[in-house]
1. Is at least one residue of the stretch 41-55 assigned to a strand (DSSP E or B) and crowded, with 19+ Cβ neighbours inside 10 Å?
2. Scan the stretch 1-20 for residues that are assigned to a helix (DSSP H, G or I) and free of Cβ contacts under 8 Å to residues at least 12 places away in the same chain and jot them down.
3. Give Asn85, Asn36 a once-over and let me know the one that is closer than 28 Å to Gly159 by Cβ, surrounded by fewer than 20 Cβ atoms within 10 Å (Cβ to Cβ), at pLDDT 95 or above and not hydroxyl-bearing (Ser, Thr, Tyr).
4. Among the candidates Lys9, Lys29, which residue alone is among the basic types (Lys, Arg) and either surrounded by 13 or more Cβ atoms within 10 Å (Cβ to Cβ) or under 14 Å from Phe142 (Cβ atoms) (or both)?
5. When you go through Val180, Val250, Val217, Val265 one by one, which is the residue that is in contact with a His (Cβ under 8 Å, 6 or more places away or on another chain) and part of a strand (DSSP E or B)?
6. Any chance the stretch 236-250 includes a residue that's β-branched (Val, Ile, Thr), modelled with pLDDT of 95 or more and under 28 Å from the mean Cα position of the chain (by Cα)?
7. Consider Lys177 carefully, then state whether it is surrounded by 11 or more Cβ atoms within 10 Å (Cβ to Cβ), more than 16 Å from Val262 (Cβ to Cβ) and either out of contact with any helix residue (DSSP H, G or I) (no Cβ under 9 Å at 6 or more places or on another chain) or not aliphatic (A, V, I, L, M) (or both).
Amino acid sequence: MFKCRVYTKKRLEKINTVYLSEHGHRIEKNDIQFVNRCVKWMYNALCFFTPKVGDIIQYTTQDGKYYPHAHIDRIENGVASVCLNPFVPFIYMRDGKIEMDSVSGGPWVQIPTSTLQKVGTESKWFRFFASSGICAHGSIDFEGYANCWEYKEKNPFFGEYSTKLYDRTIFRKVDGKWYVSETTISELPDKTDFEQRRHELKMVQFGDFNKDNAVTVFSYKERHFLVSPDVWDKLAYPQSKRRINGKNYVPVKLFTEDSNKVVCVYRYTNN
């Protein structure tokens, strides 16, 4: 088991520069004590093998959308109310117990806690209104701990493919024209080099552009690196091209990491 972190005033000040810059706010001794009390409680709770409020869920939807940091907002009668894309939760003390406000964010789902599988522990950000009181920029952030669970919706449309490991692009046909309704890749290829990209990014296509009104494509994720011309010349990788910021194409070299489903894209210029 790793050691529980302890916050000092200096450490909290480094994290909370906005708080310190507003209206003469200061981090007081009782703020530091509150943070360390919360962190210690969270650390001790990592041994729990039942889900609790504030825990993380790695959530995958039926259509392959992956949410790595879904938040358990409350649990009633064995059912967890979960925010898939939450803001940082507020934490406070009531009657000597640590509790959390309901988070902002969305979308929301309901999950029976009995269906969750524990997959580990993670660090997680929290905040609270400090000694300055409830006001604009009056909250202090700190990093605590949470148990992490996994949930996958039943009967996935695309089998093993999801945005956990792959990028996803959804094409929809409206009035005879194709539009991109969702994408997570850096930039879309033109029709002329789509087949080339299909090979480079190892695309897997669900649907037929000639028959269907919607097509979903999963592909390796791209990671872009800007290097010097000298370094670029020495890279013994296959050469291709990419259009940067919607402008002209630039030469690139590609290195494929099959184990991580990633294509590293190296270029020496943006123009």
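The values are calculated or read from the model by the stated rules, or taken from the named source; none is laboratory data. Every value quoted in this text rests on a predicted model; they were computed, and no experiment measured them. Cβ: placed from backbone, ideal geometry, glycine included. Neighbour counts: every protein chain shown.
1. For the stretch 41-55, residues assigned to a strand (DSSP E or B) and crowded, with 19+ Cβ neighbours inside 10 Å: absent.
2. The first filter runs over the stretch 1-20 and keeps only residues assigned to a helix (DSSP H, G or I), leaving 9-15, 17-20.
Residues satisfying the conditions are Lys10, Arg11, Lys14, Thr17, Leu20.
3. None of the others qualify; the one that does is Asn85.
4. Working: Lys29 fails: either surrounded by 13 or more Cβ atoms within 10 Å (Cβ to Cβ) or under 14 Å from Phe142 (Cβ atoms) (or both).
Residue meeting the stated conditions: Lys9.
5. Val265 is the lone residue from the list that is in contact with a His (Cβ under 8 Å, 6 or more places away or on another chain) and part of a strand (DSSP E or B).
6. So far as the stretch 236-250 goes, no, none of its residues is β-branched (Val, Ile, Thr), modelled with pLDDT of 95 or more and under 28 Å from the mean Cα position of the chain (by Cα).
7. Considered against the rule, which asks whether it is surrounded by 11 or more Cβ atoms within 10 Å (Cβ to Cβ), more than 16 Å from Val262 (Cβ to Cβ) and either out of contact with any helix residue (DSSP H, G or I) (no Cβ under 9 Å at 6 or more places or on another chain) or not aliphatic (A, V, I, L, M) (or both), Lys177 comes out as no.
Rundown of residues vs (1) without any contact (Cβ under 8 Å) to a residue 24 or more places away in the chain; (2) out of contact with any Gly (no Cβ under 9 Å at 6 or more places or on another chain); (3) under 18 Å from Thr183 (Cα atoms); (4) surrounded by 13 or more Cβ atoms within 10 Å (Cβ to Cβ), yes/no style:
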{"position": "Val217", "(1), (2), (3), (4)": "no, no, yes, yes"}
{"position": "Phe225", "(1), (2), (3), (4)": "no, yes, no, yes"}
{"position": "Leu235", "(1), (2), (3), (4)": "no, yes, no, yes"}
{"position": "Ser240", "(1), (2), (3), (4)": "no, yes, no, yes"}
{"position": "Arg243", "(1), (2), (3), (4)": "no, yes, yes, yes"}
{"position": "Gly246", "(1), (2), (3), (4)": "no, yes, yes, no"}
{"position": "Val252", "(1), (2), (3), (4)": "yes, yes, no, yes"}
{"position": "Ser259", "(1), (2), (3), (4)": "yes, yes, no, no"}
{"position": "Arg267", "(1), (2), (3), (4)": "no, yes, no, yes"}
